[in-house]
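One structure is given here, and the rest of the page talks about it.
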């Protein structure tokens, strides 16, 4: 590809020329202009000023890369705030939204610059993996810099994107199968109740994770597959893969399974068996107590001066057995009550969660 063609503009297929080759020519020749690429999965454009990346705009429906959606999913911008911003400010573009956010003290300039740099790298991670599509470069003498993105070395951004793509391929192999549904091990998967206790629980988890980890953790609801989490994470594909592997190694998430529910059922049945065994022993000891009382009444009729007999020895043995059985019954009932208290405590903890 000649420098003359770059100077006049480009319009070609990705099958014929790789995007990295075009980017290299633009940076080497210190060109000013806009490079756009369009494929079946979205579109993106990058602005260059003297070979440096100074602005970008992208639209990828299959990824959470839009600034407004990122802010809404992270909880920074809710619907009420968004409506108020629409009423008072111009939100026609991502840069206009950024100005409104800084003006209303919703985000700082540094936070927006960090988000935009991640979005910029992610835009290359997505497009550099395309094998079909079209791109064009339109030279221009004037380029407006992004209000919330410092000029970036295009070569560094491309190399960083390629590095993440390579490492992500290795991580995805370790995460296979990506269609496997995972759930959090820190909450009860079958508990569908949502209350203030759950909010407090989440706030407690927030202290254990950094912001990016918590954004990924929130997506594990027992219904999403790893691929779905990857596509809906606002932290980028590379960071999401790394976080998911970290969660699996730490035992924070696990494949969705019904085994835990079966174990809980067996535990309940074992507790019930202990309860009925203890109750049976208690009833039996009560029957022995009645029989002993009757026998003692019969023995007392013989008078106070009577001598010990074989019958009185049998009575003494029965009383000893009865005392032993009472103690066993009480111990079983105490064990049952303690297990019941533990189970109820777990249920209460689970409901609070």
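Laboratory data are not the source of any read-out in this text; all were calculated from the coordinates shown. A quick note: this is a predicted structure, and the numbers were derived from the prediction, not measured. In this analysis, Cβ positions are derived from the backbone assuming ideal geometry, glycine residues included, and neighbour counts consider all displayed protein chains.
FRET efficiency for the pair residue 179 and residue 141, taken as 1/(1 + (r/R0)^6) with r the Cβ-Cβ distance and R0 = 56 Å, rounds to 0.65.
Modelled this way, with points 7 Å down the Cα-to-C-beta line, the labels at residue 108 and residue 129 are 3.3 nm from one another. Each of 130, 46 was scored by other Cβ atoms within 10 Å of its Cβ. Arranged with the fewest first, they read 130, 46. Modelled label positions at residue 86 and residue 150, each set 7 Å beyond Cα in the direction of Cβ, lie 3.5 nm from each other.
At a Förster radius of 30 Å, what calculated FRET efficiency corresponds to the Cβ-Cβ distance of residue 221 and residue 165, to the nearest 0.05? Mind showing how you got there, number by number?
On the way: r = 28 Å, r/R0 = 0.94.
Efficiency for this residue pair is about 0.60.
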